[in-house]
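Worksheet: one structure, shown below.
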């Protein structure tokens with residue numbers, strides 16, 4: 001019983017980061033209308049940024065959080081201006097292949113620069129735990145969970161209270177509406193794409209401590225985010241948090257209870273992704 | 001004369017909206033039947049059900065006496081049902097001739113390539129598209145697009161042809177030509193069911209008219225007869241005022 | 001008469017590959033034969049990807065088909081001999097494709113792509129976890145025909161390329177091309193015109209997967225060792241799709257030209273960099289999409305679906 005609750009607790013803590021990354025993917029899909037295979041690479045960059053600052057400057061990853069947010073926002077904006085915007089009028093195929101190409105390029109660039117090894121950022125508090133009765137809570141996962149929820153809350157406030165946020169939701173629902181608010185669709189796209197990247201960048205810093213930085217860590221999270229977004233309903237922002245929770249819990253249960261579950265964890269996501277897509281297609285008339 | 005197409009008690013709901021409610025109608029062999037009605041009356045739903053792109057909740061569809069209600073669209077085409085779409089959807093990366101060849105080759109299984117090519121040449125002549133045969137379909141004008149839509153349906157050698165507002169957007173002179181073309185198609189032995197908004201076209205072309213409103217048949221008969229009926233006038237005029 | 005204009009090119013390429021072992025290549029001979037082997041195999045993969053893409057199905061599962069073929073052939077080769085094992089591997093890949101294809105019939109474009117990617121990753125995880133595959137340790141594979149003939153692997157890969165080219169050429173110059181093009185451009189309209197869309201999609205996927213499965217089988221017999229990371233790698237699917245996009249989509253000539261250039265380049269690059277050579281593929285993919293959307297062959301003239 002305690003093992004079960006501890007497992008569920010671990011899953012719950014992980015769901016925050018998942019929701020954060022997947023929300024970014026859902027933003028670019030829902031608002032810009034692009035399936036971004038390179039989404040996780042912003043996360044990978046955030047993770048390496050955190051690692052580099054820590055290894056070279058001894059900078060605490062807490063400081064890297066803000067830096068990664070800004071850096072990823074900037075890179076995301078540049079990617080939008082330079083690569084995404086030119087292919088927006090092009091067929092879906094071209095858009096998909098472009099982001100796929102970007103993902104391959106960045107992953108392998110990282111491989112050339114840093115090698116395939118995983119690198120962990122280990123500040124003094126990395127292994128700190130809180131005890132809660134018979135349960136253990138990792139301080140870092142708990143912090144990451146709270147921070148993720150905080151960021152998602154801020155995003156929600158931004159989307160519902162600010163003019164730009166309203167315009168963004170308007171674009172997500174109807175491609176014509178933003179003009180009415182006197183805001184160019186193009187600016188909304190730029191902002192949404194930048195924000196999506198920034199969320200992934202921050203998540204990357206958290207993961208550099210909880211998990212590791214590696215060239216492929218981003219792509220793994222792209223795929224996990226696809227699974228979450230497909231389960232939530234494509235482009236549906238509200239469904240992302242519950243979907244992330246379901247998947248994170250399922251993942252935790254598999255890794256605890258299935259023999260040799262560690263390697264099967266990823267299969268859970270892919271299976272859910274596959275079934276969610278297929279199920280959705282067969283249900284619609 | 002037998003019935004080319006018979007629809008019995010056809011119903012369809014979309015997410016709580018009753019698009020069609022127990023619609024029954026028929027098309028005689030060699031007849032030209034118009035289905036008219038205000039926007040949202042269910043005309044396009046009817047055509048999508050007939051060609052099999054969506055499935056009915058209830059009711060049956062008979063093509064030349066055979067129940068096709070549960071057959072997929074391609075099989076309906078093989079059995080002699082042709083359709084031209086309202087929004088023209090040519091295959092833009094294929095030439096006009098190749099667009100027609102798709103219909104000719106696959107519309108009737110077992111046709112030889114030479115026969116299909118000969119038939120396509122005939123249809124190109126009939127529809128006046130012969131000079132543009134080698135152009136890519138993505139490069140056509142609206143008028144040519146409309147002709148291609150009709151020609152491609154014809155290329156499948158239908159016995160029953162469904163036309164979805166193929167005259168929309170044409171100038172009066174062009175519409176007149178199109179009316180003559182549809183007559184010639186009928187005279188070659190094809191029964192025609194068409195949806196149309198332009199009343200002059202309906203008057204000129206239809207042997208009989210069926211009026212749909214809110215998914216139900218509210219009138220049926222000659223153009224002159226249905227134009228007199230109070231319910232039809234209400235359906236068209238009442239709600240606009 | 002467009003049909004004749006491509007045949008000399010195709011024949012030239014194929015003849016060159018057939019005769020490569022007999023050309024006076026000097027000290028570079030062994031290296032060039034290796035390069036030729038990989039060009040043939042990955043060009044066949046690219047042709048098989050293109051064959052599937054012509055129906056609008058963007059497969060990211062080609063790595064899985066490759067892996068299924070590689071493991072199917074590799075596991076059976078010690079017991080039944082080279083050719084039956086290769087055929088078996090191809091059938092395993094074909095069965096996987098039919099399974100994938102029949103449940104994803106209603107998925108279009110990128111949703112098919114994502115589903116096929118998920119399918120591929122599930123299979124890779126299984127290959128890592130199941131006992132009979134050797135798991136992460138890997139699977140040794142015997143050389144073809146007991147290793148008595150040094151050129152066996154080369155000519156097996158030539159055979160796969162020949163088959164892929166013949167299939168692709170047939171599909172390009174028969175009515176099947178129109179069925180595929182119609183299916184790709186609008187499934188609903190294609191069906192109303194009488195095209196049996198389901199059959200066209202499944203046959204295309206099946207034929208493509210058979211070629212990919214054969215490629216995988218031959219690959220194992222050349223490398224003599226398989227691991228799930230290598231055989232089921234997403235990188236296989238990446239190569240298989242970048243080559244046609246670079247050379248020119250929906251054609252036989254495009255993937256052939258693209259394959260010779262890109263795989264040749266890749267093999268040369270591998271002399272310099274061990275890992276990360278896919279950087280080049282990523283960069284090429286981006287540049288081609290932005291600046292050369294119709295590929296190398298598109299430079300030559302107007303092409304049709």
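Bear in mind these aren't lab numbers, they're just calculated from the coordinates by the rules spelled out. Fair warning: this is a prediction, and the values are worked out from it, not measured in the lab. All Cβ positions, even for glycine, are placed from backbone atoms using ideal geometry, and neighbour counts span all protein chains on display.
What number, in percent, do you get for the relative contact order of region B:1-146 if the mean sequence gap of Cα pairs under 8 Å and at least 6 apart is divided by its residue count?
Result for region B:1-146 is 20 percent.
What's the long-distance tail for the protein assembly as shown, i.e. % of Cα pairs beyond 44 Å?
Summing the P(r) tail past 44 Å for the protein assembly as shown gives 38 percent.
Please report the base-10 log of the normalised intensity I(q)/I(0) for region A:71-120, using a Debye sum with one equal scatterer per alpha carbon and no solvent, at each q in 0.25, 0.26 (1/Å).
Reported log10 I(q)/I(0), two decimals: -0.97, -1.00.
Could you give log10 I(q)/I(0) at q = 0.09, 0.12, 0.15 Å⁻¹ for chain A, computed by the Debye formula over C-alpha point scatterers of equal weight, without solvent?
Computed log10 I(q)/I(0) values: -0.42, -0.75, -1.17.
Tell me, how many Å apart are the Cα centres for region B:200-222 and for region C:222-246?
Between the Cα centre of region B:200-222 and that of region C:222-246, the gap is 61 Å.
Please give the helix A:240-257 orientation as an angle from the longest Cα principal axis of chain A, in degrees from 0 to 90, rounded to the nearest 10.
30
Using a 10 Å cut-off on Cβ to Cβ distances, tally the other chain neighbours for every residue of C:280-291 and report the average as a whole number.
6
Over region A:2-283, what is the relative contact order in percent, taking alpha-carbon pairs closer than 8 angstrom and at least six residues apart?
39
For a distance above 12 Å, tell me the whole-number percent of Cα pairs in region B:180-241 that qualify.
Value for region B:180-241: 71 percent of Cα pairs lie more than 12 Å apart.
Would you look at the GNM of chain C, springs on alpha carbons closer than 10 Å, and say which of C:72, C:235, C:217 moves the most?
With Cα springs under 10 Å in chain C, the top fluctuation among C:72, C:235, C:217 is at C:235.
Counting other beta carbons within 10 Å of each residue's own, what order do A:117, C:230, A:186 fall into, fewest first?
Listing A:117, C:230, A:186 from fewest to most nearby Cβ atoms yields A:117, A:186, C:230.
How many angstrom lie between the Cα centre of region C:8-35 and the Cα centre of region A:208-285?
Computed from Cα coordinates, the inter-centre distance equals 47 Å.
Work out how much length residue A:55 to residue A:90 would gain on full extension: take 0.36 nm times their residue separation and subtract the Cα-Cα distance, in nm to one decimal.
The residue A:55-residue A:90 span can extend by a further 8.4 nm.
Using 1/(1 + (r/R0)^6) with R0 = 30 angstrom and r between the beta carbons of residue A:250 and residue A:139, what's the FRET efficiency to the nearest 0.05?
0.75
Between residue C:290 and residue C:269, what's the calculated FRET efficiency when r is the beta-carbon distance and R0 is 25 Å? Round to 0.05.
0.70
Is the shape of region B:90-156 rounded, prolate or oblate, going by the alpha carbon gyration tensor and its root eigenvalues a ≥ b ≥ c, with a/c under 1.5 for rounded and a/b larger than b/c for prolate?
Note, shape of region B:90-156 comes out prolate.
Tell me the relative contact order for chain C as a rounded percent, counting alpha carbon contacts under 8 Å between residues six or more apart.
31
Just the ratio, please: alpha-carbon radius of gyration of region C:153-248 over 2.2 N^0.38 Å, N its number of residues.
1.28
Report the FRET efficiency, 1/(1 + (r/R0)^6), for residue B:222 and residue B:142, where r is their Cβ-Cβ distance and R0 is 25 Å, rounded to 0.05.
Approximately 0.20, to the nearest 0.05.
Sorting A:14, C:45 on the 10 Å Cβ count, fewest up front, what's the list?
Ascending Cβ contact count within 10 Å gives the list A:14, C:45.
Return the whole-Å distance between the Cα centroid of region A:20-52 and the Cα centroid of region B:118-139.
49
I want to check the label-to-label distance for residue C:206 and residue B:70. Put each point 7 Å from Cα in the C-beta direction and report it in nm to one decimal.
Reported label-point gap for residue C:206 and residue B:70 is 2.4 nm.
With the Cα gyration tensor of chain C giving a ≥ b ≥ c as the square roots of its eigenvalues, does the rule (a/c under 1.5 for rounded; else a/b larger than b/c for prolate; else oblate) give rounded, prolate or oblate?
Cα axes put chain C in the oblate bin.
Mind running the shape call on region A:213-266? Use the C-alpha gyration tensor, a ≥ b ≥ c as the square roots of the eigenvalues: rounded below 1.5 for a/c, prolate if a/b tops b/c, oblate otherwise.
oblate
Compactness ratio of region A:182-281: Cα Rg over 2.2 N^0.38 Å, N = residue count?
Dividing the Cα Rg of region A:182-281 by 2.2 N^0.38 Å gives 1.23.
Expressed as an acute angle from 0 to 90° and rounded to the nearest 10, what is the orientation of the C-alpha long axis of helix A:163-173 relative to the principal long axis of chain A?
80
Please compute the Kirkwood hydrodynamic radius of chain B from all pairs of different C-alpha atoms, in Å with one decimal.
About 18.3 Å for chain B.
Sticking with the crude label model, points 7 Å out along Cα→Cβ, report the distance from residue A:5 to residue A:157 in nm, one decimal please.
3.3
Please give the helix A:61-79 orientation as an angle from the longest Cα principal axis of chain A, in degrees from 0 to 90, rounded to the nearest 10.
So the helix axis and the longest Cα principal axis differ by about 30 degrees.
Using a simple spin-label model with points 7 Å from Cα along the Cα→Cβ vector, what separation in nm is obtained for residue B:112 and residue B:199?
So the two model labels end up 5.3 nm from each other.
Of B:128, B:30, B:82, which is the most mobile in a GNM of chain B whose springs link Cα atoms less than 10 angstrom apart?
B:128
Under a GNM of chain C (C-alpha, springs under 10 Å), which listed residue has the highest mean-square fluctuation: C:26, C:248, C:96?
Maximum among the listed residues: C:26.
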